[in-house]
Amino acid sequence: MAPTSAAPGKPRVFLMGLRRCGKSSIQKVVFHKMSPHETLFLEATSKIVKTDICNSAFLRFEVWDFPPPSLTDFTDQAAKWTPIFAGCSTLVWIVDAQDDYAESLGRLQAAVVVAARANPQIQVEIFVHKADSLGEEGRWEAARDVHEQMTQELANLQVEIPPLRVFLTSIYDPSVFECLSKVVQKLLPQLPTLQNLLDRFLTKCSGEKAFLFDMVSKLYLATDSSPVDMALYELCSDVIDTVIDISYIYGTKGGTGVGAAAGAAAAAAPAADGGGAAGGGADEGDTLAGSAAAGGAIVPLASAAAHSSATIRLSTGSVIELRHVDHFTALVTIMSDRTLDKHGLVEFNFCAFREAVRLLFEAPPSAPAAGAAKAMLVGAGV
């Protein structure tokens, strides 16, 4: 089946791999909210399945799930693949960690040779999938082996592409979300400026860590420059689930906010069967602002018609704050509980951050626009 044209300027992410490697499961779990256990009953991909991801102005791209390529697809039919790869931004190749991956890497090598000729700037990402089946030492050894083999083979063939990356993933833990987040970040030309804005926001507010999340897919579009702790990322992801669930039940209809994200997340599950656009659900609720004490009770703080927020106090003394940036985008920040005494300062700087992000994405990714966005947050300090 010949692929259809993508929307002008919209990046494409190709998911490819051998039969039963788990690529369709990754897409269903992340973008269609399918339970990992339900993916056991998915049929093998027999045609190209395109999913349009357009949850917000910040996250717009296409995911193309390809059927397993044959041994001669990239050698005897290179002319057919050349225009396809020419429009590809990122090639994600899934390697099954439970099988001998020599054959998979051989086909990946053939694919990269064709892709590099058509698009020298294509980003190649390798997911060593089902890594939870390996021991701690075995999974890192597999990732290192895959990286060394592919790097050496491409160097021997004199194929020049951006440095490839290897990730360890599983649909039974947050690793697949964290790794896909890093893939999606490569699609954002505004990423360096976003990271700079998050660093400045944390400095102004004495924060510890910040993520800019897409609330429908739970991918983070950007984070500050400090290293990402998987346990911390999982905690923030769980906070989003909690806020969406509560907003879906108690939120008011007909507005924007985390309740709208709840509606979109709910709509994403039935959309999985049709392979259509994810994130186009109906608005269910529009506001939720609350504080969860150590005992877990939700205490209402405030209500806003257009923007939502939540404050969750952890037993460790830290505070997680979720604040609405866009209909389906939220800033999740980890701070000390002492920052609750400076609520006005945090709110003031967040409003400046939100406006800077809006300006950044409304204007072309040029130096003047980026400079204006940074200056807006710099001037917000107190």
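The values are calculated or read from the model by the stated rules, or taken from the named source; none is laboratory data. Predicted, not measured: the structure shown is a model, and the values here were computed from it. Reconstructed Cβ throughout: ideal geometry from the backbone, glycine too, with neighbour counts over all protein chains shown. Side chains included, ligands, DNA and RNA excluded: accessible areas come from the protein's heavy atoms. Shrake-Rupley method; radii C 1.70, N 1.55, O 1.52, S 1.80 Å.
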In region 74-98, the residues that are free of Cβ contacts under 8 Å to residues at least 12 places away in the same chain and either of a type in the set (Lys, Arg) or surrounded by 14 or more Cβ atoms within 10 Å (Cβ to Cβ) (or both): LYS80
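So if I check each of ASP273, ASP326, ASP238, ASP337, which one is farther than 21 Å from PHE201 by Cβ, at pLDDT 60 or above and not small (Gly, Ala, Ser)?
Details: ASP273 fails: at pLDDT 60 or above; ASP326 fails: farther than 21 Å from PHE201 by Cβ; ASP337 fails: farther than 21 Å from PHE201 by Cβ.
After applying the criteria, what remains is ASP238.
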Is it true that some residue in region 25-48 is more than 23 Å from the chain's Cα centre (by Cα), surrounded by fewer than 17 Cβ atoms within 10 Å (Cβ to Cβ) and among the aromatic types (Phe, Trp, Tyr)? yes
Which residue pairs have Cβ atoms closer than 8 Å, lie 6 or more positions apart in sequence or on different chains, and pair a first residue in region 162-185 that is at positive phi with a second residue that is outside any helix (DSSP H, G or I) and open to solvent by 20 Å² or more (accessible area, probe 1.4 Å)? none
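Scan ALA78, ALA97 and give me the residue that is modelled with pLDDT under 95 and more than 30 Å from GLY135 (Cα to Cα).
Numbers: ALA97 fails: more than 30 Å from GLY135 (Cα to Cα).
Only one candidate qualifies: ALA78.
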If I ask for residues that are surrounded by 13 or more Cβ atoms within 10 Å (Cβ to Cβ), part of a helix (DSSP H, G or I) and touching a residue at least 12 places away in the same chain (Cβ under 8 Å), which ones from region 219-240 would you list? LEU232, TYR233, GLU234, LEU235, CYS236, SER237, VAL239, ILE240
Restricting attention to region 117-141, which residues are touching a Leu at 6+ places or on another chain (Cβ under 8 Å) and open to solvent by 10 Å² or more (accessible area, probe 1.4 Å)? GLN123, ARG139, TRP140
In region 319-350, which residues are open to solvent by less than 10 Å² (accessible area, probe 1.4 Å) and touching a helix residue (DSSP H, G or I) at 6+ places or on another chain (Cβ under 6 Å)? VAL319, ILE320, LEU322, VAL332, VAL346, ASN349
Being open to solvent by 40 Å² or more (accessible area, probe 1.4 Å) and either on the phi > 0 side of the Ramachandran plot or of a type in the set (Lys, Arg) (or both) is true for just one of GLY22, GLY9. Which residue is that? GLY9
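Which residue out of VAL216, VAL243 is more than 25 Å from VAL63 (Cα to Cα), of a type in the set (A, V, I, L, M), modelled with pLDDT of 80 or more and open to solvent by less than 30 Å² (accessible area, probe 1.4 Å)?
Values: VAL216 fails: more than 25 Å from VAL63 (Cα to Cα).
One residue alone meets the criteria, VAL243.
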Report the residue count in region 149-163 for those that are within 18 Å of ARG139 (Cα to Cα) and open to solvent by 20 Å² or more (accessible area, probe 1.4 Å). 1
Total residues in region 56-94, condition under 27 Å from the mean Cα position of the chain (by Cα) and among the acidic types (Asp, Glu): 2
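Matching residues to (1) closer than 30 Å to CYS236 by Cβ; (2) of a type outside the set (S, T, N, Q); (3) in contact with a helix residue (DSSP H, G or I) (Cβ under 7 Å, 6 or more places away or on another chain); (4) modelled with pLDDT under 95:
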residue	(1), (2), (3), (4)
SER104	no, no, no, yes
GLU125	yes, yes, yes, no
GLY135	yes, yes, no, yes
ARG139	yes, yes, yes, yes
ALA142	yes, yes, no, yes
LEU180	yes, yes, yes, no
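For (1) among the β-branched types (Val, Ile, Thr); (2) more than 20 Å from THR90 (Cβ to Cβ); (3) out of contact with any Asp or Glu (no Cβ under 7 Å at 6 or more places or on another chain), each residue gets a yes or a no:
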site	(1), (2), (3)
ARG139	no, yes, yes
GLN149	no, yes, yes
ILE161	yes, no, yes
ILE171	yes, no, yes
LYS186	no, no, yes
GLN190	no, no, yes
Of the numbered conditions (1) buried (at least 21 other Cβ atoms within 10 Å of the Cβ); (2) modelled with pLDDT under 95; (3) outside any helix (DSSP H, G or I), PHE14 satisfies every one except a single condition; which is it? (2)
